[in-house]
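What follows is a set of notes on a single structure, which appears directly below.
Taken together, the values in this text are just the output of simple stated rules run on the coordinates, not laboratory data. None of these values were measured; they are calculated from a predicted model. Ideal geometry is used to build each Cβ from the backbone, glycine not excepted, and the neighbour counts take in all protein chains shown.
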Amino acid sequence: KSDTDIRFVCRGTFVHSTAEEALQILEDALLGVDSEGKIAFIGEGKELQKLSENFGFSPSAVTQLQQHEFFMPGMIDTHIHASQYSYAGTALDMPLLQWLNTYTFPVESHFQDLEFAKKVYTQVVKRTLRNGTTTACYFATIHTDASLLLGQIANDFGQRALVGKVCMDRNDAVKYYRETSEESQEETYRFIKELLNKKYPLVKPVVTPRFAPSCTEALLAKLGEIAKNNKLHIQSHISENLEEVELVKELFPNSESYTDIYHKCNLLTDKTILAHGCHLSDEELVLFRKTGAALSHCPNSNISLCSGVLNVRNVLNHKVKLGLGTDMAGGYSPSILDAVRRALDSSKVLTIQDPEHKTLSFEEVFRLATLGGSQALSLDERTGNFKVGKDFDALRVNVAAPGGPIDVIQNEKPQSLNSHMRLSSSTCSLAGDDRNIVEVFVAGKKVVPFSEP
Ligand code: GUN
Ligand code: ZN
């Protein structure tokens, strides 16, 4: 008999990824969550009696999922600019560098205003949670207090989050939106110290040099040192667009490659996540693999800003850790389901260009959205799938949600529950939306629907 305290038990279909299977469907499974929000057991429905005795819960207290429902792991947004939510869906008419100077930097400069920051950050946390993002890796802005506020808001709504105060000591185009090197270092220290002092259980600071063109080498090196000394996560951007890659060559003439710059500054670790990587060479991917650094694939952004198309198959063949990102507002959608669709579309574009290219499957992309994202953020000990001992981060999905887009499936006669659920989970991901996500759990706590304070 286990002495674990069980908080609740659910019975029904669970869909998740494992190392062996990109989409594993557990029919009539029984999953128990303990008092700390961790998965205490996962077994079969027919083991109810035995499990209830072993774990000391009442069989009558088990929550039974409906026929058209299933649980899947919460989705992981490995790259999102919380501040850019304020203009998402507008202004995607320029390539990256011009887009940054024209729209992004002027908008981000407003986050000095804490009232404005609070409004936007509350909206983005709520919107992403409702869309099933249980873990988000956020860029804030250069403003320390507003960045701390983002950490507080994620904590208050119960979202697991990495939060970065953006660092940039170089910006010739928009001079009012930059820091001195000293400010950037000191404020990074203050941000880390104050965020860690809050002891939020699910929110961590992430060292955030914006990207090589907006940082001097001295600042990059300092940030690498801070991350190393404090064992922190690191995030940035890399090789998103060809003009940016050329600019980096000019700004860092002594470096072998874009990746080499970050590597020399100790910014490539197994807790590093870099967005995009559309134009990386195979040698650079080898360096990612050696250092354990991960990539965030942000297909909506890559297409919206005409940046490039990441060859995910090549990244996976190099065994580089990879997750999906929305990259709001380079990407216009706050939803990782959207990223799943765009990743599949982008992969199909590569197949159109080269019929030898092996198109990504739905199952592979589902894994990127969940387990892959957790590995890319080095959070796979805590989240990513339904393994015993991990936190229960989960979405209760209703394929036939009232008002939702899908009402066809429920009228079909599936040959087996398994093929039905395979169809349901892919249909929901490819044609569904937040209306199909009826409940969201993070670390065993129901965070959607929101319990308004
Ligand atoms: N590179 C540097 N900053 C940014 C940003 O805010 N968005 C995107 N997409 N790329 C960047
Ligand atoms: Zn970005």
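Computed values, structure above
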| quantity | calculated |
| --- | --- |
| Projected-area average for the stretch 93-232 over all orientations - Cα convex hull basis, square nanometres | 8.5 nm² |
| Gyration tensor verdict on the stretch 75-376 (Cα atoms; rounded if a/c is under 1.5, prolate if a/b is larger than b/c, oblate otherwise) | rounded |
| Sites Ser2 and His110, calculated FRET efficiency, Cβ-Cβ separation with R0 51 Å, nearest 0.05 | 0.45 |
| Crossing angle, helix 114-130 versus the chain [Cα axis fit, 0-90 degrees, rounded to tens] | 40 degrees |
| Amide H partners (placed H, <5 Å) of Met328, local residues excluded | His81 |
| Förster radius 35 Å - calculated FRET efficiency between Val388 and Ser451, Cβ distance, rounded to 0.05 | 0.80 |
| Using θ = phi - 60° and Karplus 6.51 cos²θ - 1.76 cosθ + 1.60, couplings along the stretch 273-280 (whole Hz; Gly, Pro as x) | 10, 10, 7, 5, x, 4, 10, 6 |
| On Cα atoms only, tilt of 417-431 relative to the major axis of the chain in degrees | 30 degrees |
| The chain: relative contact order as a whole-number percent, Cα under 8 Å and 6+ apart | 19 percent |
| Convex hull volume per residue in cubic angstrom - Cα atoms of the stretch 1-81 | 134 Å³ |
| Phi-based couplings in Hz for the stretch 132-142 (Karplus 6.51, -1.76, 1.60; Gly and Pro marked x) | x, 7, 8, 10, 10, 9, 9, 8, 9, 9, 6 |
| Helix 144-157 vs. the chain, principal-axis angle (Cα, 0 to 90°, nearest 10) | 10 degrees |
| Along the chain, longest interval not containing exposed trypsin sites (Lys or Arg not before Pro), exposed being DSSP loop plus at most 14 other Cβ atoms within 10 Å | 2-174 |
| Given charges at Cβ of Lys, Arg, Asp, Glu: the chain dipole, positive-most of Phe14, Ala376, Ser35 | Ser35 |
| Under-5 Å amide H pairs with Ala275, H placed in peptide plane, nonlocal only | Ser236, His237, Ile238, Ser296 |
| Distance between the stretch 342-396 and the stretch 1-71 - C-alpha centres, whole angstrom | 23 Å |
| At R0 = 30 Å, FRET efficiency that the Cβ-Cβ distance of Ala221 and Lys118 yields, to 0.05 | 0.30 |
| Cα-projected label distance for Asp93 with Lys46, points at 7 Å along beta-carbon direction, nm | 6.4 nm |
| 3J(HN,Hα) from dihedral phi, the stretch 329-344, Karplus parametrisation 6.51/-1.76/1.60, rounded to Hz, x for glycine, proline | 10, x, x, 9, 10, x, 10, 6, 4, 4, 4, 4, 5, 5, 5, 5 |
